[in-house]
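As C-alpha cells, the structure follows; a few thoughts come after it.
The values are calculated or read from the model by the stated rules, or taken from the named source; none is laboratory data. In this text, all values refer to a predicted model and were calculated from it rather than measured experimentally. For neighbour counting, all protein chains shown are included, and Cβ atoms are generated from backbone atoms with ideal geometry for every residue, glycine included.
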C-alpha cells in the first residue's frame, strides 16, 4: 500500500442517485465514462419501502453521455427488493468491468437505473469508479468536500 495514495483517489464517487422518497417510477444516475475507470461498483440503497413496494436496479450502457442507444448490460441486475420480503433498509451491489460492455459497438458509458414499483419508497444509489486509468480521477460534480 502506498500511504501517499488516498482511498478517495482509488474509489471515486462517479455518479449518484440522491437518497430521497421516490414515487413509483424509474430513477437514474448520470452516465459514467468507462474510459476513466477499469471497473465500477454500483451500490443500491433501499430505505423504508412503501406498502407492497418493489425496488429493481440494473446497469445500462450507452455510446455517449446523452444515453444514445441505451441498453441493459447483460447479467447486471439485482434480485428485486420487496417490502413483503422485508428488504427495507438493505443494500445490493452490482460490479462491472469495462470489458463487460459492448465495446465492439462503441458502448463505453454506464449508469445505474433503479425502478421503484407500486408505492413511494426511500432509496438512493452510488456509483463508485475503481482503478482510474489516470489518477487521481475526479469525483461527481455533486461532491462538496473530500477530507484527506
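Considered as a group, the residues in region 108-130 that are more than 23 Å from residue 11 (Cβ to Cβ) and crowded, with 21+ Cβ neighbours inside 10 Å include one that is farthest from the chain's Cα centre (by Cα), and that residue is 121. Among the residues of region 76-91, those identified as in contact with a strand residue (DSSP E or B) (Cβ under 7 Å, 6 or more places away or on another chain) and either buried (at least 19 other Cβ atoms within 10 Å of the Cβ) or without any contact (Cβ under 8 Å) to a residue 40 or more places away in the chain (or both) are 76, 77, 78, 80, 81, 82. Would you point out which residue out of 54, 63, 48 is modelled with pLDDT of 95 or more, surrounded by 16 or more Cβ atoms within 10 Å (Cβ to Cβ) and under 16 Å from residue 117 (Cα atoms)? Just a single option satisfies the conditions, and that option is 54.
Out of 32, 12, which single residue is surrounded by 13 or more Cβ atoms within 10 Å (Cβ to Cβ) and under 14 Å from residue 113 (Cα atoms)?
Result: 32 is the single residue among 32, 12 that is surrounded by 13 or more Cβ atoms within 10 Å (Cβ to Cβ) and under 14 Å from residue 113 (Cα atoms).
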